[in-house]
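To start, the structure itself, in structure tokens.
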Amino acid sequence: MVTRVIGASGLARDLGRWRDPESGGDSPERRPHRPAYLALAEAIRLLIHDGRAPLGVALPSERDLATTLGVSRTTITSTYSLLREHGYLISRQGSRSTVALPPAIQHDGSKPTRGIMALMAQPELPTIDMTYAAMSAPPELHEAYSTALQGIPPYLGTHGMDPVGVVALREALARRYTARGLPTEPEQILVTLGAQHGLRLLLNVLTSPAARVLIEHPTYPNAIEAIRDVGARPIPVPLRPEFPHAGWDLDGLRSTARQTAATLAYLVPDFNNPTGLLLDAEGRAELAAIARDTRMTVVVDESMSDLNLSGETMPPPVAAFAKGSEIITIGSASKSFWGGLRVGWIRTNQALITKLLGIRATVDLGTPVMDQLATVHLLENADPILDRRREQLRTQRAALLDAVAEDLPGWYIAPGAGGMSVWAQLPSPVSTALAATAPNHGVLLAAGPRFGVQGAFERFLRLPFTHPEPELRLAVKSIAAAYEALTPRAADPLQPLTCY
């Protein structure tokens with residue numbers, strides 16, 4: 001099995017200014033207060049918990065890293081030994097040291113059930129559920145279903161089970177893609193029970209047990225679980241907000257695809273969940289080129305594509321830069337209109353749609369006709385609905401950021417260009433402990449590790465801004481109270497690295 005390797009230059013780039021500020025100079029060997037190897041070990045540990053050094057990936061050789069950082073090899077040897085001693089590295093005879101987590105804090109990051117989380121909350125407290133990012137239905141939804149009811153008679157004489165989707169909806173979706181710069185025919189559309197359902201169908205057709213599927217890190221947690229459920233292995237490629245293309249490490253994506261021989265990737269370039277980052281047009285063209293060069297199929301999730309909060313013009317869909325069938329698009333009406341409207345779609349070639357239909361027959365028999373017809377009406381009247389929802393999200397995001405600045409001043413948030421949530425960086429790696437404590441203060445949270453693999457992102461928390469402003473401000477005050485209630489020992493399951 002091929003092991004991914006972090007290059008010495010890439011690790012040095014992520015480490016940044018890792019030396020102690022009190023060293024008084026650029027040479028870590030002259031540090032009077034803390035040994036260089038201890039400062040370097042602390043810096044690498046933070047990269048592991050931020051998800052920038054993914055679990056299972058090999059660190060550079062001691063010699064390469066020493067040369068790149070300009071330190072002695074003894075410093076690197078001591079750094080790796082200390083990380084190994086505390087469970088952050090695993091070394092096997094004849095192979096490189098790979099990133100790990102100490103057994104005491106490993107977990108699968110899975111989401112507790114809604115019922116369990118509700119039971120954790122004190123019954124006398126009003127509970128604000130911040131575990132989901134979804135808005136209530138717009139008033140136009142009632143009209144959409146009334147219109148659908150009027151349009152249902154022609155379908156009542158049939159069995160009503162259409163696994164491909166009603167023609168009216170596929171035509172509406174094709175027009176919408178074409179208007180966005182991606183010419184599309186109705187025959188290229190398969191209507192599903194939401195984007196998640198579409199992803200599951202694609203994974204069943206395009207993967208096999210033990211196959212590697214590249215993902216952004218962090219990403220949508222249910223996509224991670226879907227990949228695991230088919231027996232495939234999610235391979236993280238860290239998002240880096242300081243990079244060109246608004247955070248996508250495309251060089252890292254290309255390198256990882258080649259090293260792992262991955263044949264499939266799942267990406268959310270339109271307002272990544274949870275960060276809200278948006279891949280620019282140049283990056284989309286490069287992503288399509290990477291898919292071609294590595295012979296990798298990329299599933300692009302456009303569920304958030306209508307939620308541009310930046311005011312800038314949206315770039316064309318990634319599939320518009322494809323020269324073949326290397327880019328598959330999935331979308332949904334849930335984020336744009338209402339989560340209870342379980343209508344999604346896959347845009348791909350007809351040959352793949354035929355294969356998907358063969359799999360679908362074993363799972364379900366089609367999307368409800370009424371929901372499809374209601375979606376047609378919403379798409380035909382989308383502009384005023386979406387304009388109002390985007391403005392509402394901008395206002396609520398501003399309220400959330402203001403509340404965090406006031407009540408959680410040590411937290412850092414860099415808002416993305418759109419979407420429904422922000423990705424907050426905490427002063428210390430306490431995300432799971434905070435999510436466990438928060439129900440006692442009247443708020444339910446999704447811990448950062450849910451959005452990554454194997455325990456990453458303990459220093460992060462997703463904060464959706466889909467609640468009304470008063471609820472958001474109350475939620476932040478509740479989070480602040482929960483954060484303050486954590487004792488240092490309970491708050492930080494990771495004791496500082498020490499040497500003996």
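Subtracting the Cα-Cα distance from 0.36 nm times the residue separation, let me have the gained length for ARG175 to SER136 in nm, one decimal. Present the calculation step by step, with values, prior to reporting the outcome.
Details: separation 39, 0.36 × 39 = 14.04 nm, distance 2.66 nm.
Once the chain is fully extended between ARG175 and SER136, it gains 11.4 nm.
How far apart, in nm, are the 7 Å Cα→Cβ label points at ARG295 and ALA361?
About 3.0 nm, to one decimal.
For segment 320-348 and segment 264-278, compute the distance between their C-alpha centroids and round to whole Å.
13 Å
Arrange the residues MET161, MET135 by how much accessible surface each exposes, largest first, with a 1.4 angstrom probe.
These residues rank, largest area first, as MET161, MET135.
Among residues other than LEU309 whose Cβ falls under 11 Å from its Cβ, what is the net charge (Lys/Arg +1, Asp/Glu -1)? Don't jump to the answer; show the numbers that get you there.
Numbers: positive: ARG389, ARG390, ARG394, ARG397; negative: ASP306, GLU312, GLU391.
It works out to a net charge of +1.
What percentages, rounded to whole numbers, describe P(r) for the chain computed over all alpha carbon pairs with 20 Å bin width beginning at zero?
Cα pair-distance distribution for the chain, in percent: 22, 53, 22, 2, 0.
Please give the contour-minus-distance gain from ALA405 to SER61: 0.36 nm per residue of separation, less the Cα-Cα distance, rounded to one decimal in nm. Please report the intermediate quantities before stating the final value.
Values: separation 344, 0.36 × 344 = 123.84 nm, distance 4.16 nm.
In short, 119.7 nm is gained.
Leaving ligands, DNA and RNA out of it, work out the accessible area of TYR412 with a 1.4 Å probe and give it in Å² to the nearest 10.
140 Å²
Taking every pair of Cα atoms in segment 369-409, average 1/r, invert it to obtain the Kirkwood radius, and report Rg/Rh to two decimals.
1.32
Summing Lys, Arg as +1 and Asp, Glu as -1, what charge do residues with Cβ under 14 Å from the Cβ of ASP293 carry, ASP293 excluded?
On the way: positive: ARG254, ARG258, ARG292, ARG295, LYS323; negative: ASP251, GLU286, GLU326.
Spelling it out: positives minus negatives among the neighbours equals +2.
If I model a spin label at ARG13 and ALA481 as a point 7 Å from the Cα along the Cα→Cβ vector, what separation in nanometres do I get?
Output for this residue pair reads 4.5 nm.
Viscosity 0.890 mPa s, temperature 25 °C: Stokes-Einstein D of segment 328-453 from its Kirkwood Cα radius, in µm² per second?
Working: Rh = 18.4 Å.
Roughly 133 µm²/s, to the nearest whole number.
For segment 328-398, evaluate the Debye formula with one uniform point scatterer on each Cα (no solvent term) and list log10 I(q)/I(0) at q = 0.15, 0.17, 0.24, 0.26 Å⁻¹, rounded to two decimals.
Results for segment 328-398 at q = 0.15, 0.17, 0.24, 0.26 Å⁻¹ read -0.65, -0.78, -1.15, -1.23.
Separation between the ALA351 and THR395 pseudo-spin-labels, each 7 Å from Cα along Cα→Cβ, expressed in nm?
Taking the two extended label points, one gets 5.1 nm.
Nearest 0.05, what FRET efficiency do THR313 and ASN440 give at R0 = 56 Å with Cβ-Cβ as r? Mind showing how you got there, number by number?
Values: r = 45 Å, r/R0 = 0.81.
My answer for the efficiency is 0.80.
For the chain, give the share of DSSP beta bridges that are antiparallel, in percent and rounded to the nearest 5; count only bridges with both residues there.
Antiparallel bridges make up about 50 percent of those DSSP assigns within the chain.
Which value in deg cm²/dmol, rounded to the nearest 500, describes the helix-derived mean residue ellipticity at 222 nm for the chain, given -39,500 (n - 2.57) per DSSP H run of n ≥ 4 and division by the residue count?
-12500 deg cm²/dmol
The values are calculated or read from the model by the stated rules, or taken from the named source; none is laboratory data. Given the structure is predicted, the values throughout are model-derived calculations rather than measurements. Don't worry about glycine lacking a Cβ; one is built from the backbone with ideal geometry, like all the others, and counts go over all protein chains shown. Quick note on the areas: whole protein, heavy atoms, side chains included, nothing else; ligands and nucleic acids left out. Shrake-Rupley method; radii C 1.70, N 1.55, O 1.52, S 1.80 Å.
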